[in-house]
Structure formats: structure tokens, C-alpha cells
Amino acid sequence: DLATALNDRGQVRYLRVEFAAAVRDFTAAIECQPGFEVPYYNRGLVRYRLGDFDEAMKDFRKVLELNPQFEDAALSLKQAILDKEEKEKRGY
């Protein structure tokens, strides 16, 4: 389906380090199928990698709202929280 295709294209773009395009694809996948947790997770990973911890945490929380058993999202959320705290401690 379209949401899966957009998510898959986002994955390819993420691997090519085309982060803005990947985020657009993941967002489009979410708009097509709001209950599909995978593009939220993938978008969260990109946002995390860009250092946008607040937005990454929102995405990871949404994944867990949709699928509480999504262990990678739980781990990624914990890591984003820790990294945000560390960033704030260092003052940047």
C-alpha cells in the first residue's frame, strides 16, 4: 500500500543520508495511515540523529501509544531522554 511504499522510500533516503527527504516520506506515510507505527519510529530515528530530541521523543511516544510492545521504540525513547539531559547539562 501507499503508506508502506512511502515508508520504504524514506528508509532508502535515510540510508543515503537524505534526512529531510526521509522525514518528508515518513510524514507522508503517517498522513496516509495514521495508525501505522513504523514511520513514526523511523521519523523519530532521523530526528534523534539530527539532535532534535523533543520531536524524536514525541514520535517514539506515539509509537508506544499505538504499539506498547514495540521494544526498539521504548529503548530509543530512553536513549533520547538521556541524551537530551546530557545535552542540557553541557549547555548546548
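The table for this structure:
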read-out	value
Area projected by the alpha carbon convex hull of region 2-90, averaged over all directions, nm²	5.3
Å² of accessible area per residue within the chain, as computed with a 1.4 Å probe and no ligands counted	60
Separation of the Ala20 and Lys78 label points, Cα + 7 Å toward Cβ, nm	3.5
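The values are calculated or read from the model by the stated rules, or taken from the named source; none is laboratory data. The structure displayed is predicted, hence computed values, not measured ones. Positions of Cβ are backbone-derived with ideal geometry, glycine not excepted, and every protein chain shown enters the neighbour counts. Protein only, heavy atoms only, side chains kept; ligands, DNA and RNA dropped before computing areas. Shrake-Rupley method; radii C 1.70, N 1.55, O 1.52, S 1.80 Å.
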